[in-house]
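Q: Before anything else, here's the structure in question.
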Amino acid sequence: MSATVNSLRDIILSHFGSSAVLCSGTYPPCIPQILVPREQFEDVGWLMKDAGARLAAEWGVDETLLGRQFAVLACFAREGEYILLRCNIPLEDPTFPSLSKKHTPAFRFERQIMSLMGLTPTGHSHSDLRPWIKHEDWPADAWPLRKSFDAAQRMPRVAGEYRWVRAEGEGVYEIPVGPVHAGIIEPGHFRFQAMGEDILNLEERLGYTHKGIEKRFEQLSWVEGARLAGRVSGDSTVAHALTYCRALETLSGTNIAPRAAWLRAIMLERERIANHLGDIGAIANDVGFAFFQFQFMRLKEHLLRGNQQLFGHRYLMDRVVPGGISADLQADGAAAIELELANLQTEFEHLVTIYDLNASLDDRLRSTGLLTAETARELGTVGYVARASGQGLDCRIQAPFSPYDQIQPRMVVLNSCDVHARAWVRIEEIRDSIRLLRGLLATLPHGEILIPLADVPPDSSSLAAVEGWRGEIVYWLQSGLQGEINRCAIRDPSSVNWLALEQAVHNNIVPDFPVCNKSFNQSYSGNDL
Amino acid sequence: MLRILHQIFRTGVVTEPLPEEIKAELDEVGCHLEKAIRQRFHRSLVIREVDAGSCNGCELEIIAMNNPVYNCERYGIQFTASPRFADMLLVTGPVSVNMEIALKRTYDATPNPKMVVAVGDCGCTGGIFGESYASLGAVANVIPVDAHIPGCPPTPVQLLLGILQLIKIRL
Ligand code: SF4
């Protein structure tokens, strides 16, 4: 076996030869966009599979306003290396070869492309072409992401039925749950087939919170777009706004000030700690320990109040803006954070000891909700879901941007693949984020926090990936002929991780579903868009 | 177990006196609230929260109302899993087309007399998502609404005040 690993770009170019075209006007330069013939699009699937790359995202684009037709883009990633592969699709034959045979995440990506852009995958695995996000009572020919679709229209409701997966046999019964769930959480529908207490199958049906976000971007200015990105998934407002801004700044060639980059990282790590704290408490609560829920909620609340005092918003909404940040850390801010971190660390470690020594917790969380390493890889999972199942994925480490190239985060990978591991990865990440915050404060540069956004060139595109608290977030932006937003494609970690929940609950008991679900804690809004 | 008890005693009661500027107002409303809840709701106001398409930011703050710092249960406010036990619906989000039917059904399942509160800028006006093929905008476009609590998201204090004020008006 040769010791040199070919880059994904070389693999594609050497396979396709002169029939592959390197596209221009795509940013950053290290992420090439390569056009391949539509008939051979499926080849990229197995080529990338053999190279060990995962399908990070796949989406459709309507380029009729740019004088072209439709296209499908697939973003593959291998460690820190990203590549975009595209095939052009004629208006009169809106079909493309499916990647789902080699890449399981394509399963839902392509159903979504078909539902919202009206491009049909051919050779889709299981021939599952049921609509996704688009509910069955929409008109079949409503494809909102097409330019010809009027975003303001009211669609008539039509008759239609969703074909659920069925399980039959003696003693098999079905439990439908949602969309309105029991707790204070987002809406979605879960359908369980169970026998006795055991879950035989779980099927998710999402899309209830679809608000037309991707289409909405196309009506906004670039600056307004950052506000919308910060509302794709409220608990990840920093991470989403940051990914959007990074893509936009790459597209326009805007170099933000070092202080802004540092403070963005401080906000991102604060968001990570706050959400992880809430989740650990919620996981323990779901196996009967309300004690942890209230203790961890208390620590989270302190952090949120800190955000309010330091930056003027409890969740830091609209603090990351194109060109930098909108709220500076005051002179006494660093000392305030140091104090806050010292308190947080003491309290947190105290609780972790109690958590760790509790035999009942251990009993309930270990070997519950197993997601094997193989399945986690196959499904292209990201974030703590992947890391708790042995996958070393973290784009802060593998595709770092400033300041993460100077302040190295620690990769936390566990191998027990269960609810316990998903909780414990969070515990370790809180510890590491506290360390990172201290390092960031110690090296915080002085200077400006906001510079004007440079002009966006027409008909160009860019991609950015950022490790939010839930995992890798991907944004792809494309400008139109006037330099306006032509397309904003978003891939929240949830779009891949939701599939993994279905697998992790097999053969668990129905009463353990809530804790399994909590350990994943995926976003509905980020998935439904 | 001993560790848990020790931590509980060590933590003590963290429920806080609210910030001065709203404390006076809240005390007054709180006094009405207690009376109102005693008279009209047998000491407990039961709320069903419905996310009709929000970004989940509003839910974070509604959950925070239950945390030990705000501790809304001390006012007799409880959250229920079923609309059939609810006195009040707290509805967030621009109402998505895909949630319209579920929201109307939840409304119908809530016994009369019922109160509906639209929460957040999105619930009040549709917010940044506006009205479109996928979003019906404000909650009031879909079901009758008695009160609005704006904010993106409204803080736990703003939520408490909004709920208390509605009850005061209704008394
Ligand atoms: S008001 Fe703000 S926090 Fe609430 S749903 Fe709308 S965008 Fe999210």
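Q: Being farther than 19 Å from B:Asn66 by Cβ and within 14 Å of the ligand (Cβ to nearest atom) is the filter; apply it to segment B:137-169 and report the residue that is surrounded by the fewest Cβ atoms within 10 Å (Cβ to Cβ).
A: B:Pro150
Q: Name, by its number, the condition in (1) in contact with a Pro (Cβ under 9 Å, 6 or more places away or on another chain); (2) of a type in the set (A, V, I, L, M); (3) not in a loop (DSSP other than H, G, I, E, B) that does not hold for A:Leu351.
A: Of (1) in contact with a Pro (Cβ under 9 Å, 6 or more places away or on another chain); (2) of a type in the set (A, V, I, L, M); (3) not in a loop (DSSP other than H, G, I, E, B), only one is false for A:Leu351: (1).
Residue-wise test of (1) aromatic (Phe, Trp, Tyr); (2) closer than 20 Å to A:His302 by Cβ; (3) within 16 Å of the ligand (Cβ to nearest atom).
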| position | (1), (2), (3) |
| --- | --- |
| B:Asp51 | no, no, yes |
| B:Cys58 | no, no, yes |
| B:Met65 | no, yes, yes |
| B:Gly76 | no, no, no |
| B:Pro83 | no, no, no |
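Q: Another question about this same structure. In segment A:301-330, which residues are under 23 Å from A:Trp222 (Cβ atoms) and assigned to a helix (DSSP H, G or I)?
A: A:Phe311 - this is the single residue of segment A:301-330 that is under 23 Å from A:Trp222 (Cβ atoms) and assigned to a helix (DSSP H, G or I).
Q: Evaluate the following for B:Met65: is it under 11 Å from the mean Cα position of the chain (by Cα) and at negative phi?
A: The answer is yes for B:Met65.
Q: Of the residues A:Asp318, A:Asp328, which single one is within 14 Å of chain B (Cβ to nearest Cβ), under 23 Å from A:Val238 (Cα atoms) and among the acidic types (Asp, Glu)?
A: Just a single option satisfies the conditions, and that option is A:Asp318.
Q: What's the total number of residues in segment B:28-49 that are at pLDDT 65 or above and either acidic (Asp, Glu) or within 16 Å of the ligand (Cβ to nearest atom) (or both)?
A: 2
Q: Still on this structure, please answer the following. Tell me yes or no: at least one residue of segment A:247-263 is among the β-branched types (Val, Ile, Thr), away from the ligand (no atom under 16 Å from the Cβ) and closer than 20 Å to A:Arg426 by Cα.
A: no
Q: When you scan segment B:97-114, do you find a residue that is within 11 Å of chain A (Cβ to nearest Cβ), under 29 Å from B:Gln39 (Cβ atoms) and either within 16 Å of the ligand (Cβ to nearest atom) or within 14 Å of the chain's Cα centre (by Cα) (or both), even just one?
A: no
Q: Among the residues of segment A:214-229, are any away from every other protein chain (no Cβ under 13 Å) and part of a helix (DSSP H, G or I)?
A: yes
Q: Right, something else. Among the residues of segment A:448-505, count how many are among the aliphatic types (A, V, I, L, M) and under 13 Å from the mean Cα position of the chain (by Cα).
A: Here the count works out to 9.
Q: Being within 24 Å of B:His6 (Cα to Cα) and buried (at least 16 other Cβ atoms within 10 Å of the Cβ) is the filter here, so list the residues in segment A:324-349 that pass it.
A: A:Glu340, A:Leu341, A:Leu344, A:Glu347, A:Phe348
The values are calculated or read from the model by the stated rules, or taken from the named source; none is laboratory data. Computed from a predicted model, the values in this text were never measured in an experiment. When we count neighbours, we look across all protein chains shown, and the Cβ atoms used for this are built from the backbone with ideal geometry, even at glycine.
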